[in-house]
Amino acid sequence: MSYSIGGDFDRVDSTQEFALGTIMQDYTGALYKYVTYSEEAAAVDGVAGEVAYYVAATGYANNDVTSDLSASDEVGAGVLQAALSDNEFGWIQISGRATLTIALTAGGDGDPLTPTGAGD
C-alpha cells in the first residue's frame, strides 16, 4: 500500500496512470482504490460522492465499477471521488468517513449502506 499526503484523489485520467487496484492512504487514514469506470447499458456517468458498484461477475477482479445498479452484483465498491465517464480511470474511497452527494432513498444516517431501494 502506498501513502499519499494531499493526494489528488479527485483526478480523472483518460489513460491508465496507476496499476488498477492500487490502494493509497491519505493523512486521515482513509483508503482509496484506483479503478476504471464503466457506464454499462444505462449509459450513466459517475458522480463525485456517489456509491459505485462492481460490474457484475468480473468487476471486482478487474477493478471495474459502475453506477448502473442493474449491471452490478449489488456489491458496493466505494465512493467515487470524481465525475467519471465510460472507460475513464479514477479513485474510489473504500475506507474512512465519507460524505455522499446524493440523498439516500432508503435507510438513514448511521445505517449499513446497501443498494436496497437505490436507483442508477
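The values are calculated or read from the model by the stated rules, or taken from the named source; none is laboratory data. As the structure is a computational prediction, the values presented were derived from the model and not from experiment. When we count neighbours, we look across all protein chains shown, and the Cβ atoms used for this are built from the backbone with ideal geometry, even at glycine. Accessible surface is based on the protein model in full, side chains and every heavy atom, while ligands, DNA and RNA are left aside. Shrake-Rupley method; radii C 1.70, N 1.55, O 1.52, S 1.80 Å.
Tabulated results
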| quantity | calculated |
| --- | --- |
| Every pair of residues 6+ apart whose Cβ atoms lie under 9 Å, when the first sits in region 74-93 and is without any contact (Cβ under 8 Å) to a residue 60 or more places away in the chain and more than 13 Å from VAL55 (Cβ to Cβ) while the second is assigned to a strand (DSSP E or B) and small (Gly, Ala, Ser) | GLY78/ALA52; GLY78/SER95; VAL79/ALA52; LEU80/ALA52; LEU80/GLY90 |
| Pairs with Cβ under 7 Å, 6+ apart, first in region 17-30 and within 22 Å of THR58 (Cα to Cα), second part of a loop (DSSP other than H, G, I, E, B) and at pLDDT 95 or above | LEU20/ASN63; GLY21/ASN63 |
| Answer residue from region 67-120, given it is on the phi > 0 side of the Ramachandran plot and part of a loop (DSSP other than H, G, I, E, B) and is modelled with the highest pLDDT among those | ASN87 |
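Rundown of residues vs (1) open to solvent by 60 Å² or more (accessible area, probe 1.4 Å); (2) touching a strand residue (DSSP E or B) at 6+ places or on another chain (Cβ under 7 Å); (3) among the hydrophobic types (A, V, I, L, M, F, W, C); (4) assigned to a loop (DSSP other than H, G, I, E, B), yes/no style:
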{"site": "ASP8", "(1), (2), (3), (4)": "yes, no, no, yes"}
{"site": "GLN16", "(1), (2), (3), (4)": "yes, yes, no, yes"}
{"site": "GLY21", "(1), (2), (3), (4)": "no, yes, no, yes"}
{"site": "GLY29", "(1), (2), (3), (4)": "no, no, no, yes"}
{"site": "THR36", "(1), (2), (3), (4)": "no, yes, no, no"}
{"site": "ALA43", "(1), (2), (3), (4)": "yes, no, yes, yes"}
{"site": "VAL47", "(1), (2), (3), (4)": "yes, yes, yes, yes"}
{"site": "ALA61", "(1), (2), (3), (4)": "yes, no, yes, no"}
{"site": "VAL65", "(1), (2), (3), (4)": "no, yes, yes, no"}
